[in-house]
Amino acid sequence: MGDFNLTKEINTIKSQNNNIGGIASFVGIVRSGSNDTLKSMTLEHYPGMTEKMLKKIESEAKTRWKLKDSLIIHRYGKLLPGEQIVLVATASEHRNNAIKSCEFLIDWLKTKAPFWKLEDTISGKKWVSEKNSDLEAVTKWNN
Amino acid sequence: MNIKYFSWVKDQIGIEAEKIKSPPNIKTVKDLIIYLKTLSDKHNEVLNDTRIIRCAVNMEVVNLDHNINDSDEVAIFPPMTGG
């Protein structure tokens, strides 16, 4: 899936809404590994469920914070170290809603959107395991 | 019933999807997994520890006691690692 351009996406959000006071964004990038051990990362996803879950996650954010707009772009397929994986952007009248909801969206999609990462490293291919820190990050939003 | 596999579940079973004509005693996702384990040694091995796999019915993540029927699409996969 093709790359995205953060500035272009932010400009689109700005042009489609009025009275935006701030836009928060997060861009996830493929790490090269501590000693450049990663050759590539392939993201597999579940077509259909992906779209459904991303929509659901965005609408959950909109019930929790007052947002003017939100955007999630998640790439899949083979990506190289340094390439962009995911973009989350949220726009609101006041900064707090944008910043908090942006963090919420990335935390939720890490464990609730059906993507799986396959790392191709110098020592072979390996599916990435679920991280406890990601599970902890998502539970902090339970209330 | 349509079954889909993803990530290492797919790699280790060796297929990404299969269609099964479910026996009448399959009421829940757990029953389905017990049945799928009888299909081959690979199925049996991969689906043996249900703590490390997740299931979705019609693209919604569900628990093992979720009720299913023949027209459902059931997906079996490891915990998701997006972002």
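Quick notes
- In chain B, helical runs assigned H by DSSP with n ≥ 4 each contribute -39500 (n - 2.57); averaged across all residues and rounded to the nearest 500, the mean residue ellipticity at 222 nm is -6500 deg cm²/dmol.
- Distance in nm between pseudo-label sites at A:Lys55 and A:Glu83 (7 Å out along the Cβ direction from Cα): 2.7
- Note on the range A:6-137: Rg/Rh from C-alpha atoms, Kirkwood Rh, equals 1.01.
- Cross-link reach is defined here as a Cα-Cα straight distance under 20 Å, omitting same-chain residues fewer than 8 places apart; for B:Lys10 the aspartates and glutamates meeting it are A:Glu44, A:Glu119, A:Asp120, A:Glu130, B:Glu18, B:Asp31, B:Asp41, B:Glu45, B:Asp49, B:Glu60, B:Asp72, B:Glu73.
- Length gained on full extension, A:Ser40 to A:Lys14, computed as 0.36 nm times the residue gap minus the Cα-Cα distance: 6.0 nm.
- In order through the range B:4-10: 3J(HN,Hα) via Karplus (6.51 cos²θ - 1.76 cosθ + 1.60), integer Hz, x for Gly, Pro: 10, 10, 9, 6, 5, 5, 5
- For the range B:2-77: relative contact order, % (alpha-carbon pairs under 8 angstrom, 6 or more apart): 41
- Pairs exceeding a 29 Å alpha-carbon distance, out of A:Lys100/A:Lys131; A:Lys14/A:Lys126; A:Lys8/A:Lys66: A:Lys14/A:Lys126.
- All Cα pairs of the protein assembly as shown, percent lying beyond 26 Å: 44
- Considering only A:Ile20, A:Leu38, A:Thr7, and ranking their Cα positions along the charge dipole of the range A:1-55 that arises from unit charges at the beta-carbon of Lys, Arg, Asp and Glu, the one farthest toward the positive end is A:Ile20.
- Length added when fully stretched, A:Leu135-A:Ile122, from 0.36 nm per residue minus Cα-Cα: 1.9 nm
- Cα-centred dipole magnitude for the protein assembly as shown, charges only on beta-carbon of K, R (+1) and D, E (-1), debye, nearest 20: 420
- Between amide H atoms placed 1.01 Å from N, distances below 5 Å from B:Thr81 occur with A:Phe115, A:Trp116, A:Lys117, all of them 5 or more places distant or on a separate chain.
- Amide N of the range A:47-64 lying under 13 Å from the label point, which is placed 7 angstrom from the Cα of B:Val61 along Cα→Cβ: A:50, A:53-54, A:57
- As a rough footprinting exposure proxy, the listed residues B:Cys55, A:Cys102 were ranked by other beta carbons within 10 Å of their own, and the order from fewest upward is B:Cys55, A:Cys102.
- Rounded, prolate or oblate (a/c below 1.5 giving rounded, otherwise prolate when a/b exceeds b/c) for the range B:2-77 by Cα gyration tensor: rounded
- For B:Lys4, a cut-off of 20 angstrom between C-alpha atoms picks up these lysines, skipping any fewer than 8 places away in its own chain: A:Lys52, A:Lys112, A:Lys117, B:Lys19, B:Lys21, B:Lys27, B:Lys30, B:Lys37, B:Lys42.
Any read-out appearing in this document is the output of simple, stated calculations on the displayed coordinates, not a laboratory observation. Model, not experiment: these values are computed from the prediction. FYI the Cβ positions are ideal-geometry reconstructions off the backbone, even for glycines, and counts take in every protein chain you see.
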